[in-house]
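Here's the structure, in structure tokens; my notes come after.
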Amino acid sequence: MKKTLVIFAHPYFEYSTSNVELVKIYDGVENLVFKDLYEEYPDFHIQAFKERKRIRDYERLIFHFPLIWFSIPPLLKLWIDEVFDMTWTMEKNHPLQNKDVIIIVTVGGKAEHYTPEGMYETTIEELLKSLTLSLKVNQIEVKELIAVHNSDDLTKEELLDISGKIKKTLNIR
């Protein structure tokens, strides 16, 4: 498995039954470091220099978060704004070049609601376009976007099945 940094951002993690289960897939995985932004930066003061230094060491990033009001969580947005500073990303040897990312987003709504014909008249991909475009501009390839729909109502068996699929995608045994 590639050397991987999980950037987890959930403002109400302790109330999220699905994410409490899903993050267990990262436990004890070699070459993987899990960082909870809300745990690390409860005051929203991002240490951008420290984060930039940390990112350089990884080949893959995983952004794992819930969809909140049709967007990414506010602390994740701030983290991206602070860390992916243009001065830093314009360095001679681009620090983010040749990295890839997997996005794992939990969504309270049903999959059929997130279609052009559905209740919200848009897709998860469209709602996350600002994130994926920010990554693309910074030469980070989005390998996969995994949307876990109906996340508030998943059974233990469904969560185990989804965890298994994510492990397979990440090449975790």
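The values are calculated or read from the model by the stated rules, or taken from the named source; none is laboratory data. Given the structure is predicted, the values throughout are model-derived calculations rather than measurements. Cβ: placed from backbone, ideal geometry, glycine included. Neighbour counts: every protein chain shown.
Spot the failing condition for ILE103; the list is (1) at pLDDT below 95; (2) under 22 Å from LEU37 (Cα atoms); (3) not in a helix (DSSP H, G or I), and only one is missed.
Of everything listed in (1) at pLDDT below 95; (2) under 22 Å from LEU37 (Cα atoms); (3) not in a helix (DSSP H, G or I), ILE103 misses just condition (1).
May I ask you to list the residues in the stretch 135-149 that are more than 13 Å from the chain's Cα centre (by Cα) and either modelled with pLDDT of 95 or more or among the small types (Gly, Ala, Ser) (or both)?
HIS149
Restricting attention to the stretch 83-119, which residues are within 18 Å of the chain's Cα centre (by Cα) and among the acidic types (Asp, Glu)?
Within the stretch 83-119, ASP100 is the sole residue that qualifies.
For the stretch 1-88, please list each of the helices (runs of 4 or more DSSP H) lying entirely inside it that holds at least 2 residues being among the hydrophobic types (A, V, I, L, M, F, W, C) and touching a residue at least 12 places away in the same chain (Cβ under 8 Å).
Helices (runs of 4 or more DSSP H) meeting the threshold: 48-55, 74-83.
Of all residues in the stretch 115-139 being out of contact with any Lys or Arg (no Cβ under 9 Å at 6 or more places or on another chain) and part of a loop (DSSP other than H, G, I, E, B), which is surrounded by the most Cβ atoms within 10 Å (Cβ to Cβ)?
LEU128
Listed here are the residues, each with its yes/no results for (1) crowded, with 19+ Cβ neighbours inside 10 Å; (2) at pLDDT below 95; (3) more than 27 Å from ILE172 (Cβ to Cβ); (4) β-branched (Val, Ile, Thr).
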residue	(1), (2), (3), (4)
SER16	no, yes, no, no
ASP27	no, yes, no, no
ILE46	no, no, yes, yes
LYS53	no, yes, no, no
PRO74	no, no, yes, no
TRP88	no, yes, yes, no
LEU96	yes, yes, no, no
HIS113	no, no, yes, no
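Residue pairs, Cβ under 6 Å, 6 or more apart or interchain, first in the stretch 102-130 and over 16 Å from PRO73 (Cβ atoms), second in a helix (DSSP H, G or I) and modelled with pLDDT of 95 or more. List them.
TYR114/ILE124; GLY118/GLU112; MET119/HIS113; TYR120/HIS113
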